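Okay, structure first, notes after.
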Amino acid sequence: MLKSSSWIREYAEKHSLINPFINHSERENTISYGLGPYGYDLRLSKEYKRIKGANVSIDPYTITDNDYESLSGNTIEIAPNSYILGKSLEYIKMPKKILGLVFGKSTYARAGILVNVTPIEPEWEGFLTISISNVSGNKVKLHPLQGIAQIVFFESDLPPLYSYSDLKGKYNKQNDITISKI
């Protein structure tokens with residue numbers, strides 16, 4: 001069952017589902033963030049990573065942190081046909097019977113920016129690493145501390161056989177932008 005804003009607010013305030021938690025939709029002169037009717041709009045941190053140079057072979061088996069440069073800025077410019085790894089400003093802590101799905105915001109999609117659709121598994125927690133692609137032929141600016149993606153929450157009738165925490169998931173409790181791990 002899709003969870004509504006009233007459930008998200010109640011659960012977030014009692015169990016630290018999202019921290020910091022904005023209990024309304026902030027929309028005035030900004031790319032919206034905070035609580036929505038059926039989801040929560042995450043903000044983009046100022047921290048991000050991008051590949052160093054054009055000749056790096058991107059292979060999840062062999063890529064290392066040394067292949068990326070770590071940057072921070074009040075605006076983030078993504079080159080045409082390129083991508084960055086960003087980070088949510090919010091720390092997320094999923095309950096055992098809840099699955100979150102993260103989708104990009106349409107404001108950025110209209111500028112050629114796509115955010116990878118990402119599941120947030122039951123009992124996963126951490127700052128979300130967000131893959132952000134510029135599929136346009138133009139440079140596109142992102143605005144940290146404003147909305148970048150939305151999480152929608154779904155509840156199962158039964159708890160999963162095992163959770164992300166039970167599986168000792170390799171991306172659990174991440175505090176920094178985390179590159180591919182095998």
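For the stretch 95-134, how many residues meet the condition of being in contact with a Gly (Cβ under 6 Å, 6 or more places away or on another chain) and over 26 Å from D65 (Cβ atoms)?
Qualifying residue count, the stretch 95-134: 1.
Which residue out of K97, K105, K87 is surrounded by fewer than 17 Cβ atoms within 10 Å (Cβ to Cβ), among the basic types (K, R) and closer than 23 Å to G39 by Cβ?
Going through K97, K105, K87 in turn, just one is surrounded by fewer than 17 Cβ atoms within 10 Å (Cβ to Cβ), among the basic types (K, R) and closer than 23 Å to G39 by Cβ: K97.
Among the numbered criteria (1) more than 30 Å from Y162 (Cβ to Cβ); (2) out of contact with any Leu (no Cβ under 9 Å at 6 or more places or on another chain), which one does E125 miss?
Answer for E125: the failing condition is (1).
Tally up the residues in the stretch 6-35 that are of a type in the set (G, A, S) and buried (at least 18 other Cβ atoms within 10 Å of the Cβ), please.
2
For the stretch 21-28, check the following and say yes or no: at least one residue is in a loop (DSSP other than H, G, I, E, B), polar (S, T, N, Q), touching a helix residue (DSSP H, G or I) at 6+ places or on another chain (Cβ under 8 Å) and more than 18 Å from N175 (Cβ to Cβ).
Yes, there is a match, as at least one residue in the stretch 21-28 is in a loop (DSSP other than H, G, I, E, B), polar (S, T, N, Q), touching a helix residue (DSSP H, G or I) at 6+ places or on another chain (Cβ under 8 Å) and more than 18 Å from N175 (Cβ to Cβ).
Which is of a type in the set (S, T, Y), over 25 Å from P159 (Cα atoms), touching a strand residue (DSSP E or B) at 6+ places or on another chain (Cβ under 7 Å) and in contact (Cβ under 8 Å) with a residue 24 or more places away in the chain, of S131, S136?
S131
Each row is one residue, and each column tells you yes or no for (1) closer than 21 Å to I8 by Cβ; (2) at pLDDT 95 or above; (3) under 13 Å from the mean Cα position of the chain (by Cα); (4) in a loop (DSSP other than H, G, I, E, B).
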position	(1), (2), (3), (4)
P122	yes, yes, no, yes
G137	no, yes, no, yes
Y164	yes, yes, no, yes
Y171	no, yes, yes, yes
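Within the stretch 1-20, can you find the residues that are without any contact (Cβ under 8 Å) to a residue 40 or more places away in the chain, among the aliphatic types (A, V, I, L, M) and not in a helix (DSSP H, G or I)?
Residues satisfying the conditions do not exist here.
Rundown of residues vs (1) buried (at least 20 other Cβ atoms within 10 Å of the Cβ); (2) touching a Lys or Arg at 6+ places or on another chain (Cβ under 6 Å), yes/no style:
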{"residue": "K139", "(1), (2)": "no, no"}
{"residue": "G147", "(1), (2)": "yes, yes"}
{"residue": "Q150", "(1), (2)": "yes, no"}
{"residue": "S165", "(1), (2)": "no, no"}
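The values are calculated or read from the model by the stated rules, or taken from the named source; none is laboratory data. As the structure is a computational prediction, the values presented were derived from the model and not from experiment. Note that we place each Cβ from the backbone using ideal geometry, even for glycine, and neighbour counts take in every protein chain shown.
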